[in-house]
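Each remark here refers to the structure printed beneath this line.
The values are calculated or read from the model by the stated rules, or taken from the named source; none is laboratory data. Keep in mind the model is a prediction, meaning the values are calculated, not measured. In this analysis, Cβ positions are derived from the backbone assuming ideal geometry, glycine residues included, and neighbour counts consider all displayed protein chains. These area figures cover heavy atoms from the full protein model, side chains too; ligands, DNA and RNA do not enter into them. Shrake-Rupley method; radii C 1.70, N 1.55, O 1.52, S 1.80 Å.
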Amino acid sequence: MHETKRRILGAARAILIKEGSGAFSMRKVAATAGLSLSNVQYYFKTRAEVLDGILEGFIEDYRAYLGGLGALRGSGLAALRGFIREILREESDNEEILFFRSLFSFAESEVLAERLDAFYREVERLLRAGLAGLAGLGAEEPAVRRASALLLPYLNGYGMVGGVLALNLDESAELVAAWVWDTLSLGSAGDGD
């Protein structure tokens with residue numbers, strides 16, 4: 001990625017994290033990045049394009065992060081527990097949560113809502129691939145699809161409310177791993193759905 005684009009996206013992300021969506025404008029992004037407005041608009045015509053760029057970066061980071069968890073892989077419930085524990089740890093100590101809190105305030109925009117939908121579909125696909133590997137199942141199997149569809153909202157929500165509710169990370173990982181493993185095991189036993 002071009003260094004100027006990286007500066008623009010970093011500035012936009014910082015504004016959304018520190019000041020929220022009310023402070024997010026192309027002019028503010030330009031000033032924070034130390035660039036002219038026309039320079040920012042050369043790379044990103046609209047705020048939506050800037051947000052797309054940030055979301056694409058999160059997908060790349062998530063892909064790399066899940067790939068890095070490959071060292072934890074094995075199979076079975078213990079491997080799943082470690083996989084979930086590491087994701088919960090990352091989600092509970094992550095400024096991305098602040099970014100997404102700001103981003104959700106833009107979600108009334110149909111275009112942005114579609115982009116968020118695409119973002120979460122890709123995150124779910126990556127999570128499904130990880131779960132499939134841990135369970136020794138195909139990523140398209142109904143049990144794996146069901147497990148990822150149940151797990152993703154929990155993982156995302158944990159980062160937003162885990163600290164507020166003082167949830168114990170290890171206990172949460174244990175309970176969620178058992179729940180997901182049951183979902184995967186029941187599905188692979190041939191329940192057909």
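By how many degrees, between 0 and 90 and to the nearest 10, does the Cα long axis of helix 142-161 differ from the longest principal axis of the chain? So the inclination is approximately 50 degrees.
Of the solvent-accessible surface of the chain, computed with a 1.4 Å probe and all protein chains present, 53% belongs to carbon and sulfur.
Excluding same-chain neighbours fewer than eight residues apart, the aspartates and glutamates reachable from Lys18 by a Cα-Cα span under 15 Å are Glu95, Glu96.
Selection among Ser185, Leu51, Ala23 by position relative to the dipole of the chain gives Ala23 as farthest towards the positive end (Cβ unit charges, Cα centre). Packing-based ranking of 2-13, 122-133 yields 122-133, 2-13, ordered from highest to lowest mean Cβ neighbour count within 10 Å. In this structure, the amide hydrogen of Gly20, modeled 1.01 Å from its nitrogen in the peptide plane, lies closer than 5 angstrom to no residue at least 5 positions away or on a different chain.
Between Val161 and Glu19, residue separation times 0.36 nm minus the direct Cα-Cα distance comes to 49.1 nm. Full extension of the segment from Glu140 to Arg63, taken as 0.36 nm per residue of separation minus the current Cα-Cα distance, would add 25.9 nm.
Figure legend: label point modelled 7 angstrom from the Cα of Thr4 along Cα→Cβ; residues of segment 23-51 with amide N under 15 Å from it are 30-31, 33-46.
Think of the chain as a dipole: +1 on every Lys or Arg Cβ, -1 on every Asp or Glu Cβ, centred on the Cα centre; then among Leu131, Leu9, Ala113, Leu9 lies furthest on the positive end. With a 1.4 Å probe rolled over the protein heavy atoms of all chains, the accessible area of Ser21, Ser75 falls in the order Ser75, Ser21, largest first. Taking label positions 7 Å along the Cα-Cβ direction at both Ala48 and Leu186, the computed distance is 4.0 nm, reported to one decimal. Only Lys, Arg, Asp and Glu carry charge here, each on its Cβ (+1 for the first two, -1 for the last two); on that basis the chain has a dipole of about 720 debye about its Cα centre. [x] 33, 20, 16; [y] 35, 17, 15; [z] 23, 19, 16: which one is semi-axes √(5λ) of the Cα gyration tensor in Å as calculated from this entry? It is the one labelled [y].
Taking 0.36 nm per residue of separation and subtracting the Cα-Cα distance, full extension of the segment from Ser75 to Trp179 would add 35.9 nm.
Per residue, the accessible area of the chain comes to 50 Å², computed with a 1.4 Å probe over protein heavy atoms only. Taking a ≥ b ≥ c as the square roots of the eigenvalues of the alpha carbon gyration tensor, segment 117-177 is oblate, as a/c is not under 1.5 and a/b does not beat b/c.
Averaging the sequence gap over all C-alpha pairs within less than 8 Å and six or more residues apart, then dividing by the number of residues, gives the chain a relative contact order of 24 percent.
Excluding residues on the same chain fewer than 8 positions from Lys45, give the lysines whose Cα lies under 20 Å from its Cα. Within reach: Lys5, Lys28.
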